Amino acid sequence: MSGVNITSVLQETRKFPPAKEFSATAHVKSEAEYDELWWKAKDDPTGFWGSMSQNLDWFEPFDTVLEGEMPNTKWFVGGRLNASYNCVDRHLKTWRKNKAAIIWEGEPGDTRVLTYQDLHRETCKFANVLKSLGVQSGDRVTIYMPLVPEIIVAMLACARIGAVHSIIFGGFSADAVAERNNDAQAKVVITADGGWRRGKEVELKHAVDESLEKSHTVQQVVVLRRTGTPITMVPGRDHWWHDLMAEASPECEPASLDSEHPLFILYTSGSTGKPKGVLHTTAGYTLGTMMTSKWVFDLNDTDTYWCTADVGWITGHSYVCYGPLANGATVMMYEGAPNWPHDGRFWEIIEKYKVTIFYTAPTAIRSFIRWGDEWPNKHDLTSLRLLGSVGEPINPEAWMWYHKVIGGERCPIVDTWWQTETGSIMISPLPGATTTKPGSCTRPLPGVVPDIVTKEGESLPDNAGGLLVMRQPWPSMLRTLYNDHERFLKTYFSEIPGCYFAGDGARRDEDGCYWVMGRVDDVLNVSGHRLSTMEVESALVSHPLVAEAAVVGFPHEIKGEGICCFVSLTTGEGDDALKQQLKDHVRKQIGALASPDMIRFSNALPKTRSGKIMRRLLRDIAAGRERVQDTTTLEDYGVLAKLRASEE
C-alpha cells in the first residue's frame, strides 16, 4: 500500500471560533455539549443510537439496536419503517404540509415549487406507476435523469414500495449505464428525453437506447419530457411519464419494510476498474443522514437549504433528498451549470431565493475564485448564514476566500469529510460548537470513532500522518457491495483487522482536529468525484492505436486533481490530433468527467523488474516534480528521462 507514511507539509494556524449569536440558537450550542454527545455515543453506542432512533417514525419497534460487529452489522433489528414515509408523509400531519419541500429552477430559467403535500401526491402516483409496470419490493430500478424534481419523486416512489433504486449520473456514457444495469439486473429504467447543461442538451434517452442493446434485464423504460427534443419510443417498452401519471392514483400506502431492507445501490469507482455497487439499507441510512443534516447544517424550518450536488452522486442522495427531507427542510435544486449563461448564476439564485445554507465542492469554489470577485459582489448574499464544503479536502486559501467573499466573514464553514460508503457525514465542524481551521474537517461527529494508524493498525500520535480508519460501526455504513460481499470485505476491512479503512491518509492535530491528506490508492479525485485510474486506462487501451496506458492524477487548480495519461502506441508517433482523438475516445467510453487533461506519448513506461508500472514516478512527472522517489526497482532508467522530455 503506497502513501501510508504520510508527511504533512500543510501548516495552518488560523482559527475561527463560532459566533456567540450563532451558538445561541444552534442545535449543538457549545464544545462542551458536543463533547457530551460524542462521549455518550462512544461509550454507549447502542444507548445513544437507540435514543436517536426516536427521531424516525416506526411502523413496528425494533428489538435490538445493534447486532454483530464490523464488518457484518445489523441496526435496529426487528424494526419496520419506510424511508419515503419518513421524508414525506409524517410532515403532512403538521403545518409543514403546505411548506415548500422543493424549490426548483431549470437552467433555461423555468421554475417550480413542490410543497410536502405536492411531493406526497407525486410520489404516491409514481409509486403506483412502478407497480403497474410490474415493479415489486426488492426489484432494482435504474434512474438516469437530469436534476429535476421528478428525480426525487422517482427515488421516494421506489423507497415507498421497497424497490431498490440505482441512480446513474447523467454525465455517464451508454456503456457505463449498461454495465451498471447488468450488475444490478435492473428491471426498469427511468430517464428523460434530455437535460440542459451550459445551454446544450444532454441526450439521455439516446444513451439509454444504446445501453439497452447491451443490458437485457430491463423490461420497461419511463421517459420524462424535459427538453421536448424528438426521440425514439419503442412500443411496449417505452412509456411517457406524463401518460402513466395521468392514470395513476394519488393514494399509495407505504410498504412496511424491515430496518435492513435495501434502500439503494450506488456505483462508485474501484481501483480494479469494475464499479462497486455500494448498498445502503433503510433505517440506519435514513437516521444517519437525518441526524447529520440537523447537526452539521443546523437545519431550521426557516432555512432555504441548497446543496449543489447532482442527485446522481452520494451527496445528492444524502443531502439533497433523504437527510433534509426527513427533517422537513426546504430544499433548493438547480438543474444547470454554475457558469451558464454567466459566471454569476449561483449568486443570482442565492439572492433570488434568499438561500440561507449553501453546500458545494472545493472544485466549484476554485472556479468561483478564477471567475472573479465581481460576480458575487454583484449580488446580495446576506441571506446566507452557513456555508459547507464537500467532495475533497479544501485548500486553506480557497477556504479563506469562501469565508470572506461569499460568507462576508460572518458565516461558519462546515468542511465535511465522508464517502459514498459511509452514507453520511463522518467528520465535520458543528457550526455552533466547533472552532474551525481552514483546511481541516475538524472533529468526528457523535457516533463516529476514527483513528490514524500505521499499516499494521497501530495508533499514531498527534500530527503523524497515517491511514484514516473507523473503529466502531455506525448506522449509515454500507452493508455490502451488491453481488460481491467478498470484494466488500477485502476492500474495506482486510487492510486493518477490525476497522473500516477509508482509503484516505490523514493526520490528527493536538486539538483533535483531522486533516485529510488524500487517497492512498490509485483512485482519482476529479472535481470531487472518485474515478478509477484502471477505468480510464481500460478505455485508452481499447483504442486500436494504444498498446499500453498508465493514468495518474496531478494537482489541478480547478478540479483539485487532473487526469494525466502516459500512452505507448502500437505503431508510429503521437501528435496533437491523436491526443484529441484519445480524449474523445475516453469521453465516449466513460463520460466527459473522465476526459484526460494531459496525454503524453512514450515508447515505454517506467516499470519494475516484475513488470508493474511505477505510477508513483509518473505522478512526480505529471506534477512537474524534479525529485523522484525510490527508483531502485526501476527496470530502465532511460524511460524517466524520455518521459520528462515529453510535453503536453
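Laboratory data are not the source of any read-out in this text; all were calculated from the coordinates shown. Everything numeric in this text was worked out from a predicted model, so none of it was measured. Methodologically, a virtual Cβ is constructed for each residue, glycine included, from the backbone with ideal geometry; neighbour enumeration extends over all protein chains shown.
Write down the percent of antiparallel bridges among all DSSP beta bridges whose residues are both part of the chain, to the nearest 5. Working shown, then result.
Details: 57 of 96 bridges.
Bridges in the chain are about 60 percent antiparallel.
Starting from the Cα gyration tensor of region 285-341, take the square roots of the eigenvalues, sort them a ≥ b ≥ c, and report rounded, prolate or oblate (rounded when a/c is under 1.5, otherwise prolate if a/b is larger than b/c, else oblate).
Numbers: a/c = 2.63, a/b = 1.54, b/c = 1.70.
Note, shape of region 285-341 comes out oblate.
Output ³J(HN,Hα) for region 427-444: one whole-Hz value per residue in order, computed from phi by the Karplus curve 6.51 cos²θ - 1.76 cosθ + 1.60 with θ = phi - 60°, and x for Gly and Pro.
With the stated coefficients, region 427-444 comes to 10, 5, x, 9, x, x, 10, 9, 6, 8, 9, x, x, 10, 7, 6, 10, x Hz.
Take the chain, mark every one of the trypsin sites (Lys or Arg not before Pro) that falls in a DSSP loop and has at most 10 other Cβ within 10 Å, then report the longest stretch left between them, sites excluded.
Values: sites that count: R609, R627.
Longest gap between qualifying sites, sites excluded: 1-608.
Which value, in nm² and rounded to one decimal, describes the direction-averaged projected area of the C-alpha convex hull of region 89-255?
On the way: hull surface 37.6 nm².
For the Cα atoms of region 89-255, the hull's average projected area reads 9.4 nm².
Show me, bin by bin at 5 Å from 0, the whole-percent P(r) of region 43-90 based on Cα pairs.
5, 20, 26, 24, 16, 7, 2
Going by C-beta contacts inside 10 Å, put E537, E36 in order with the fewest on the left. Could you put the intermediate results ahead of the total?
Working: E537 22, E36 13.
Exposure proxy ranking, most exposed first: E36, E537.
Out of every Cα pair in the chain, what percent are spaced more than 48 Å from each other?
Counting every Cα pair in the chain, those more than 48 Å apart make up 10 percent.
With all pairs of different alpha carbon atoms counted, what Kirkwood hydrodynamic radius in Å does region 167-270 show? List each step's numbers first, then the result.
Details: mean 1/r = 0.0655 Å⁻¹.
The answer is 15.3 Å.
Spelling out what I want: for every residue of region 342-358, take phi, set θ = phi - 60°, compute 6.51 cos²θ - 1.76 cosθ + 1.60 (Karplus), and round to whole Hz; glycine and proline get x.
8, 6, x, 4, 4, 5, 4, 5, 4, 5, 4, 9, 6, 4, 9, 10, 10
Using C-alpha positions alone, give me the convex hull volume of region 229-358 per residue in cubic angstrom.
223 Å³
At most 13 other Cβ atoms within 10 Å plus a DSSP loop assignment makes a site exposed; report the longest stretch of the chain without any exposed chymotrypsin sites (Phe, Trp or Tyr not before Pro).
On the way: sites that count: F59, Y637.
Looking at the chain, 60-636 is the longest stretch - no exposed chymotrypsin sites (Phe, Trp or Tyr not before Pro) with at most 13 other Cβ atoms within 10 Å.
If I measure Cβ to Cβ between cysteines in the chain, which ones have no partner under 4.7 Å?
Here C87, C158, C307, C321, C411, C441, C499, C513, C564, C565 come out as lacking a disulfide-compatible partner, given the Cβ-Cβ threshold of under 4.7 Å.
Residues with amide H under 5 Å of V164's amide H, sequence separation 5 or more or different chain, H placed in the peptide plane at 1.01 Å from N; which?
HN-HN under 5 Å from V164: G138, D139, R140, V141.
Hey, what's the per residue convex hull volume over the C-alpha atoms of region 313-444, in cubic angstrom?
Residue-normalised Cα hull volume stands at 108 Å³.
Could you tell me the center-to-center distance, by alpha carbons, between region 457-484 and region 533-596 in angstrom?
32 Å
How are the alpha carbon pair distances in region 430-475 distributed across 5 Å bins from zero to the largest one, expressed in percent?
The percentages, shortest bin first, are 5, 19, 23, 21, 21, 9, 2, 0.
Sum up the charges of everything whose Cβ sits under 11 Å from the Cβ of E31, counting Lys and Arg as +1 and Asp and Glu as -1, but leave E31 out. Present the calculation step by step, with values, prior to reporting the outcome.
Numbers: positive: K29, R443; negative: E33, D35, E36, D511.
Cβ neighbours under 11 Å give a net charge of -2.
What is the set of long-range amide H partners of V526 at a cut-off below 5 Å, with H atoms built 1.01 Å from backbone N?
L531
How much of the DSSP beta bridge set in region 89-255 is antiparallel, as a percent to the nearest 5? Present the calculation step by step, with values, prior to reporting the outcome.
Details: 8 of 24 bridges.
Taking every DSSP beta bridge within region 89-255, about 35 percent pair in antiparallel fashion.
According to the square roots a ≥ b ≥ c of the eigenvalues of the Cα gyration tensor, what is the shape class of region 150-216, taking rounded for a/c under 1.5, prolate for a/b larger than b/c otherwise, and oblate for the remainder?
Details: a/c = 2.36, a/b = 1.18, b/c = 1.99.
Because a/c hits 1.5 or more and a/b fails to exceed b/c, region 150-216 counts as oblate.
Which values, in whole Å and largest first, are the semi-axes of the equivalent ellipsoid of region 514-591 obtained as the square root of 5 times each eigenvalue of the Cα gyration tensor?
They are 25, 12, 11 Å, listed largest first.
Quote the charge dipole size of the chain about the Cα centre in Debye, to the nearest 20; the model charges only the Cβ of Lys and Arg (+1) and of Asp and Glu (-1).
Numbers: 68 positive and 83 negative charges, 54 e Å.
Taking the Cα centre of the chain as origin, the dipole is about 260 debye.
May I ask you to evaluate 6.51 cos²θ - 1.76 cosθ + 1.60, the Karplus curve with θ = phi - 60°, for each residue of region 493-509 and list the ³J(HN,Hα) values in order in whole Hz, giving x for glycine and proline?
Residue by residue, region 493-509 yields 10, 8, 5, 10, x, x, 10, 7, 9, 6, x, 10, x, 7, 9, 10, 8 Hz.
What's the long-distance tail for region 323-391, i.e. % of Cα pairs beyond 19 Å? Mind showing how you got there, number by number?
Working: 778 of 2346 pairs.
The calculated P(r) of region 323-391 puts 33 percent of pairs beyond 19 Å.
How much mean residue ellipticity at 222 nm does the chain get from its helices, if each DSSP H run of length 4 or more adds -39500 (n - 2.57) and you divide by all residues, to the nearest 500 deg cm²/dmol?
On the way: 20 runs with 186 residues, N = 648.
That comes out to -8000 deg cm²/dmol.
Could you work out how far the C-alpha centroid of region 241-291 sits from that of region 303-380, in angstrom?
Cα centroid of region 241-291 versus Cα centroid of region 303-380: 24 Å apart.
Among E33, E122, which comes first, then next, by fewest other beta-carbon atoms within 10 Å? Let's see the in-between values first.
Values: E33 16, E122 23.
The order, fewest Cβ neighbours first, is E33, E122.
If you take the alpha carbon radius of gyration of region 116-170 and divide it by 2.2 N^0.38 Å, what ratio comes out, to two decimals? If you can, show how the numbers build up before the last one.
Numbers: Rg = 10.5 Å, N = 55, 2.2 N^0.38 = 10.1 Å.
Rounded to two decimals, the normalised Rg is 1.04.
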